[in-house]
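For reference, the structure discussed in these notes is given below.
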Amino acid sequence: MSRLLGGNGELAPLMRTARLIAKAQQYLRDHLPEEVREHLFVGGYRDGKLTLLTDRAVWLTWLRYEQPRLLELLHQLPEFAAVSGFTLKVRPVRPLKVPPRQVRTLPAPAADEISACAADVEDPRLRRALERLASHAERGEE
């Protein structure tokens, strides 16, 4: 694995590019105003241009005005001297919507009925499944 990722492996150029993109993103974020930092992402590097992504058009407009300053900032690092400009894109980031957890309850009388059914079932797999189901009942203080 280390041969593939580091040194002269097949994925080494890709890993170097990924590290450079991460470094550019961190460096730019460190030099941006607080309200913009979390809205800027470096998406890639192609043909001398660094792709900057943002989640809203308002930040894209701000980035357009700040391009010369951001380019000057990047040129302070030797590995980014070849960057000649930026490609700016808006990509809305939608947070993952976690579905609400549906907690189901099994009343004790229903659990008793399921247990009684399990006792009459001959198939061992079905019996175990019914017993597991009945074990989820809310039992009162006994």
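The values are calculated or read from the model by the stated rules, or taken from the named source; none is laboratory data. All values derive from a computational prediction rather than experimental measurement. When we count neighbours, we look across all protein chains shown, and the Cβ atoms used for this are built from the backbone with ideal geometry, even at glycine. Please note that ligands, DNA and RNA were not included when accessible areas were found on the heavy atoms of the full protein model with its side chains. Shrake-Rupley method; radii C 1.70, N 1.55, O 1.52, S 1.80 Å.
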What number goes with the only condition from (1) polar (S, T, N, Q); (2) open to solvent by 80 Å² or more (accessible area, probe 1.4 Å); (3) under 30 Å from TYR27 (Cα atoms) that THR87 does not pass? (2)
Whichever residue in the range 7-26 is open to solvent by less than 40 Å² (accessible area, probe 1.4 Å) and over 20 Å from the mean Cα position of the chain (by Cα) and, among such residues, is modelled with the highest pLDDT: ALA12
Test for ARG128: is it more than 22 Å from the chain's Cα centre (by Cα), exposed (fewer than 13 other Cβ atoms within 10 Å of the Cβ) and among the basic types (Lys, Arg): yes
Taking first residues from the range 37-54 that are among the small types (Gly, Ala, Ser) and second residues anywhere that are in a strand (DSSP E or B), the pairs with Cβ under 6 Å that are 6 or more apart or on different chains are GLY43/THR51; GLY43/LEU53; GLY44/THR51
Restrict the check to the range 90-113 and report whether at least one residue is surrounded by 13 or more Cβ atoms within 10 Å (Cβ to Cβ), closer than 30 Å to ALA24 by Cβ and hydrophobic (A, V, I, L, M, F, W, C). yes
Quick check: is even one residue across the range 64-82 hydrophobic (A, V, I, L, M, F, W, C), open to solvent by less than 90 Å² (accessible area, probe 1.4 Å) and touching a strand residue (DSSP E or B) at 6+ places or on another chain (Cβ under 6 Å)? no
Residues being surrounded by fewer than 17 Cβ atoms within 10 Å (Cβ to Cβ) and farther than 14 Å from LEU74 by Cα - total across the range 27-54: 10
